[in-house]
Structures are given as C-alpha cells and as structure tokens.
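Chemist: Have a look at the structure that comes next, please.
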Amino acid sequence: LRYNGVLLLECAPIGNRISGTSSVMNLDGWNWEDATFKKDVGVHMNWPSRTRWKYDESQGSYKIIKNKNYDKIVNEFESFFDEASSYANSESAEINLKLDAMEAVFSGDKQLFIHAKSTKEIIESIRFAQNYDVKNIVLVSGTGTIDAASFLAENNITVVMQKVHSLPDNEDMEQDLPFRLAKILNDAGVMVSLSSSSLSSSRNLAFFAGTVVAYGVP
C-alpha cells in the first residue's frame, strides 16, 4: 500500500455485533509496537439491517424480506450498553475487559464507529448512541447516507464512506450516485473520509479520491 502513497491505516476488526477496538498503524516498522501510531482509537458496532435479500426458488429471483430478529438485536445492544454504562460509573475492583473497553467511549476519549446501511437504520443507530450520551460518533456507511445528510450535519457526525467504485445499493438510485455521494455530503456540511475494507481495493484509495474530485469534491 505504501507504493501507492498510503502511509497510515486504521486496522479495524469485523464480525459480531460489537466487533472490538481499532488502532491506527504506520505501514512501516520493525514490529507492531514500532508500527503503532495511535492505539485503541475506537470501538466498532454493527447495527442490524431491518431487511435482507433472500433467494426465492419458486420465482427464480431474489426478494426482500423483513429481519424478524431486528428488535431482539436492538434489545441486546441496550442490555450491553446499560451494563457498560453502569460499569463505567462503578468502582468495581473486578476487571471486565469487554466493558472496560467501552469506558472511553462514554467519556469521549474513544470514537464509536457505527456500521449501518439504510437511512432509517443510520438515524436509529445514532439516536441510540446519543441516548447513552456517546459524544464521539463516526458513521461507516454508503449510499444510505444520502437521505440522512442534513441529520448527519446537524448532529456533527463524521462519515467514513465505503465502496466509491461500486454500483448503487438499489435499482431506484442513479448509476453514478456512489461517485457523487461525497460531494453531496460535503455540500450538506458533513465531514467525509474514504475507506476500503479489503486489501485489494485499498491500493485504489488514490483513485477513489480522484473519482470524488472529478465529481465535484473540492
């Protein structure tokens, strides 16, 4: 990645509902200690989708179905955040590593990275975090942000954009929306960064930047 001018990366865990903590790493160093630029900058949370695609064999096509577990997962988040908030305000001598990692999220010393897709899920997840007085929220998302741009600007939410070089999430969106999205968010007053979730496309970060500039980002 350094050959293409990428000097630092945020190494983030994936999977599960609370994935874990990410750190900023320098892409040069004798070992991981030398390469660590900033340790434990944020906790990553994966908000559930209200719907999902399912293949219908009788019709020979995919259809959208409701996620029956949505409310259950949200309730599990509530239980975890209640427990983590109580732990942060307690003086217990017993260390719980999972809850201990959340303490800096409530104080604002760590960012809470919320991974959410659709507009409704984006707003619900951010309001959820705000209800727990989380001060430093970052949204990791894609084209679902377009209808939430004013909400994100009003709440001072930074957006980590995914999939600049991709097709829109649904057929009702304009074909070049992923290319124009950074400009739309920027014009609305949202701070935007570009990202990649895979090694192969990380090499194209410079081209992602070139694309959004070509579509109007100053």
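Chemist: Stretched out fully, how many nm does the piece from Ser58 to Asn131 gain, at 0.36 nm a residue minus the Cα gap?
Modeler: In short, 21.9 nm is gained.
Chemist: Longer than 24 Å from Cα to Cα, which of Lys68/Lys117; Lys135/Lys183; Lys68/Lys135 are they? Say none if no pair is.
Modeler: Table pairs above 24 Å Cα-Cα are Lys135/Lys183; Lys68/Lys135.
Chemist: Sorted by average packing, counted as other Cβ atoms within 10 angstrom per residue and highest first, what order do 113-125, 186-198 take?
Modeler: So the peptides 113-125, 186-198, ranked by packing, come out 113-125, 186-198.
Chemist: Quick check on the chain: helices-only [θ] at 222 nm, where DSSP H runs of length 4 and up contribute -39,500 (n - 2.57) each and the sum goes over total residues. Nearest 500, please.
Modeler: Counting only the DSSP helices, I get -10500 deg cm²/dmol.
Chemist: Taking R0 as 41 Å, what FRET efficiency do you get between Lys72 and Lys39 from their Cβ-Cβ distance, rounded to the nearest 0.05?
Modeler: It comes to 0.75.
Chemist: How long is the gain from Glu103 to Leu8 if the chain were fully straight, where each residue apart is worth 0.36 nm and the alpha carbon distance is subtracted?
Modeler: 31.6 nm
Chemist: Now for a separate question. Name the residue from Pro168, Asn204, Ile184 whose Cα lies farthest towards the positive end of the charge dipole of region 168-214, charges +1 on Cβ of Lys and Arg and -1 on Cβ of Asp and Glu.
Modeler: Highest projection toward the positive end goes to Asn204.
Chemist: Still on this structure, please answer the following. Be a star and scan region 133-170 for residues whose amide nitrogen sits under 16 Å from the point 7 Å along the Cα-to-Cβ vector of Asp176.
Modeler: Within reach of a label on Asp176, which here means backbone N under 16 Å from a point 7 Å along Cα→Cβ, region 133-170 contributes 164-168.
Chemist: Let me ask you something else. Could you give the Stokes-Einstein D for region 78-218 in µm² per second, using the C-alpha Kirkwood radius, 4 °C, 1.567 mPa s?
Modeler: It diffuses with D of about 79 µm²/s by this estimate.
Chemist: At 1.4 Å probe size, with every protein chain present, just tell me what the per residue accessible area of the chain comes to in Å².
Modeler: In whole numbers, the chain has 62 Å² accessible per residue.
Chemist: Could you give each residue of region 36-52 its phi-based ³J(HN,Hα) in whole Hz, using Karplus coefficients 6.51, -1.76, 1.60 with θ = phi - 60°, and x for Gly or Pro?
Modeler: Once rounded to whole Hz, the list reads 6, 8, 8, 8, 6, 8, x, 10, 9, 10, 9, 6, x, 8, 6, 9, 8.
Chemist: Can you give the FRET efficiency to the nearest 0.05 for Ser86 and Asn31, using r as the Cβ-Cβ distance and R₀ = 41 Å?
Modeler: Calculated value: 0.65.
Chemist: Using the Cα atoms of region 12-139 to build a convex hull, what is its mean projected area in square nanometres?
Modeler: For the Cα atoms of region 12-139, the hull's average projected area reads 10.9 nm².
Chemist: Next question. Just order 89-102, 29-42 by mean Cβ neighbour count inside 10 Å, highest at the front, would you?
Modeler: 29-42, 89-102
Chemist: So, one more: Can you list residues whose amide H is under 5 Å from Gly42's amide H, if they're 5+ apart or on another chain and H is modeled 1.01 Å from N?
Modeler: Residues meeting the criterion, in which the H sits 1.01 Å from N, are Ser22, Gln111.
Chemist: Working out 0.36 nm times the residue gap between Asp187 and His165, then minus their Cα-Cα distance, what length gain in nm do you get to one decimal?
Modeler: Stretched out fully, the Asp187 to His165 stretch lengthens by 5.9 nm.
Chemist: Using +1 on the beta carbon of Lys and Arg, -1 on that of Asp and Glu, and nothing else charged, what's the dipole of region 1-112 about the Cα centre, debye to 20?
Modeler: Magnitude of the dipole: close to 800 debye.
The values are calculated or read from the model by the stated rules, or taken from the named source; none is laboratory data. Note that the structure is a prediction, hence the values are computed from the model and not measured. Neighbour counts are summed over all protein chains in view; Cβ atoms, including those assigned to glycine, are modelled from backbone coordinates with ideal geometry. For accessibility, only protein heavy atoms count, side chains too; no ligands or nucleic acids. Shrake-Rupley method; radii C 1.70, N 1.55, O 1.52, S 1.80 Å.
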